[in-house]
Every structure is written in C-alpha cells, then in structure tokens.
Amino acid sequence: MEFQTIISGLNFPEGPVFDFDGNLWFVEIKGGNLSRWDGTKLVRFDVDGIPNGAMMDGQGHVWFCDSGRGEIRLFEPHLHTFKTICDKTTDGIRLKRPNDLIFDIAGNLLFSDHADGREKPLSTICVLPEGSDQARIISRNKYFTNGLAFRADAKTLFFSETYRQQLWVAEWDATKLELRNESLFAKAGDGPWGPDGIAFDQQENLFATIFNESKINIYNKEGQLTDSISCPGNRPTNCAFDPSGRLGLIVTEAERGEIISYPGFGKGLPIYYG
C-alpha cells in the first residue's frame, strides 16, 4: 500500500482527529503539545502536561487526556484557553493515566485509563456522562487499556488491551451507561507490547496499530486478521480516517516522529463529536 509522510519532526505523536474545517489535530506526548496542521502550517500549543489521545466536540473544542496531570481537559481553539473537565471518578478516586478517548452517540465521553498497568491489571475503561465532571468506571482489571472505537450501530464498543495483545468487544448502553458482555475479539501483536489506537473503515474492518511491530493490522467483522499494512517506523501509535477521504488512513508514528497518510483507504466510519 502506497503511503506518504505528511508531517515529520514530531516528538512522539498520538491521537489524530480532524476538525470541521479539515485541520488535523494531534498531541505530541514527549513534546507536551497539542498540535494543529492545516495541510501546510503546523501550530503547537503547550498544554503544561503530558497529553495523550484527542477528540473534537460539536463546538469545535478539542478534548484530550492528560496522563501527566491525571485529567480530562478541553482546549478552546479560538481563545487558546485550557480547562480541566474531570480528574476523578464518582467514588472519589483520582484518575491515574487517562490515555485515549471517544464520544458516544449521546455525547458521553468514554476513555481508557491505563494507570501504568503493564505488570498488574490496574487499567480501566471509564465514561464521563454528558455534562458531568466525574467519571464512572465501566471496565476493570485490564493490562494497559488503550484505543477505543464504535461500530456503525453506536452500541458495539471495541478497545485495546496493549500488554496482553488483545482487542476487546462489548455492548454499550448509552442510556444506562453500562458496558456488558465483554469478550475477546482478536489477538493482536507478538508482545510484550500490542495494539494501540484503533479505527473502522466504511466496511467495518477494524484497523489496529501494533506498537513496536511496524504494522497496522486489519481485522474483519469476525475478528479474523485479513491483512497488515507495513509502517515505515517501528512504533505506530494511533490511526484515524480523513473524513474527506483525501488523505485516507492517517497513522501517527512515534519512533520517527511522523504522521503518515495511506490515501488508498479513503473514508472511515463517521465518529461522534459529542
């Protein structure tokens, strides 16, 4: 599959997402930046923390996980201001290392908190109900939870468990805020790392970046590995589809500090903007 490097010179990029004007937003974890690329110019905003995944809401604000501060934060692009939205759960426990995030169809924010769960099952999946400042834990006892994605039905949630090389699938109830019937969807990676960011194409094939293995795996609806895309760097961290279809699949790559475009993949499933 043909690819092109569209941005280079980055410091551990992660969390790509497009805004309504076609700008590509992402974070630079080791640079401490929330960054915007308009196709020509790169602009960086210092978050005074360690940013991870990023997501847009319907007002054009950028939501991101800050794993250094243990917070879910919001950036208002027109004012260049930051705001902490959530730093604890409903039982009063501080967030540890929030990592990746998505909105559901009802405007609730789901996010992974890996809590540095590499050797012990400390990691969780949480939901921040729309309009709330406290999160609820909906999945526990995982090893380094990571990327999240919804199928087209808006009810089937997928997420990565990096340090067990697993992709999970479960039923999401956006009204009762319950995650039910978790089950293994696919094995992903040879270890010790595994799947990081995930995204669906329009045919509901699941694309998963495999950290430290120079590839993006593609799984069909049954969880069968159907193909792998070669990545020029060893550490692809996350992926997203350009809603316009022009850039196709976008992959953030940490080893070389690049963002890569695979135009041949076109558009993916629409994401929810909260």
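The values are calculated or read from the model by the stated rules, or taken from the named source; none is laboratory data. Not measured: the values here are computed from a predicted model. Note that each Cβ is placed from the backbone with ideal geometry, even for glycine, and that neighbours are counted across all protein chains shown.
Kindly establish whether LEU95 is under 30 Å from ASP153 (Cβ atoms) and either touching a Phe, Trp or Tyr at 6+ places or on another chain (Cβ under 6 Å) or at pLDDT below 95 (or both). No.
Exactly one residue out of ASN220, ASN205, ASN234 is more than 21 Å from PHE158 (Cα to Cα) and more than 13 Å from the chain's Cα centre (by Cα): that is ASN234. Among the residues of segment 128-165, those identified as over 17 Å from SER183 (Cβ atoms), buried (at least 23 other Cβ atoms within 10 Å of the Cβ) and aliphatic (A, V, I, L, M) are LEU128, ALA135.
Considered as a group, the residues in segment 145-172 that are in contact with a strand residue (DSSP E or B) (Cβ under 6 Å, 6 or more places away or on another chain) and of a type in the set (Ser, Thr, Tyr) include one that is nearest to PHE207 (Cα to Cα), and that residue is SER160. I'd like to check something: does segment 256-274 contain any residue that is within 25 Å of PHE12 (Cα to Cα), without any contact (Cβ under 8 Å) to a residue 40 or more places away in the chain and out of contact with any Cys (no Cβ under 6 Å at 6 or more places or on another chain)? There is no residue in segment 256-274 that is within 25 Å of PHE12 (Cα to Cα), without any contact (Cβ under 8 Å) to a residue 40 or more places away in the chain and out of contact with any Cys (no Cβ under 6 Å at 6 or more places or on another chain). Taken over segment 125-140, residues that are of a type in the set (S, T, N, Q) and either in a loop (DSSP other than H, G, I, E, B) or within 21 Å of LEU74 (Cβ to Cβ) (or both) amount to 2.
When GLY257, GLY264, GLY248 are checked against the criterion of being modelled with pLDDT of 95 or more, more than 19 Å from VAL27 (Cα to Cα) and in contact with a Pro (Cβ under 8 Å, 6 or more places away or on another chain), GLY248 stands alone in meeting it.
Do you know which of the residues in segment 166-205 that are of a type in the set (Phe, Trp, Tyr) and over 17 Å from ASN141 (Cβ atoms) is surrounded by the most Cβ atoms within 10 Å (Cβ to Cβ)?
As a first pass, look at segment 166-205 and keep what is of a type in the set (Phe, Trp, Tyr): 168, 172, 185, 193, 200.
If we keep only those that are over 17 Å from ASN141 (Cβ atoms) too, we end up with 172, 185, 193, 200.
Numbers: TRP172: 24, PHE185: 21, TRP193: 17, PHE200: 20.
For segment 166-205, the residue satisfying everything is TRP172.
How many residues, within segment 247-274, are of a type in the set (Gly, Ala, Ser) and assigned to a strand (DSSP E or B)? Total satisfying the criteria: 3.
Among what's in segment 66-109 and is in a strand (DSSP E or B) and acidic (Asp, Glu), pick the residue that is farthest from ASN238 (Cα to Cα). Step by step, filter segment 66-109, then rank; the result is GLU76. Kindly indicate whether any position in segment 38-47 is over 23 Å from ILE125 (Cα atoms), part of a strand (DSSP E or B) and among the basic types (Lys, Arg). Among the residues of segment 38-47, at least one is over 23 Å from ILE125 (Cα atoms), part of a strand (DSSP E or B) and among the basic types (Lys, Arg), which makes the answer yes.
Being polar (S, T, N, Q), assigned to a loop (DSSP other than H, G, I, E, B) and surrounded by fewer than 22 Cβ atoms within 10 Å (Cβ to Cβ) is the requirement here; does SER244 meet it? Here the answer is yes, as SER244 does meet what is asked.
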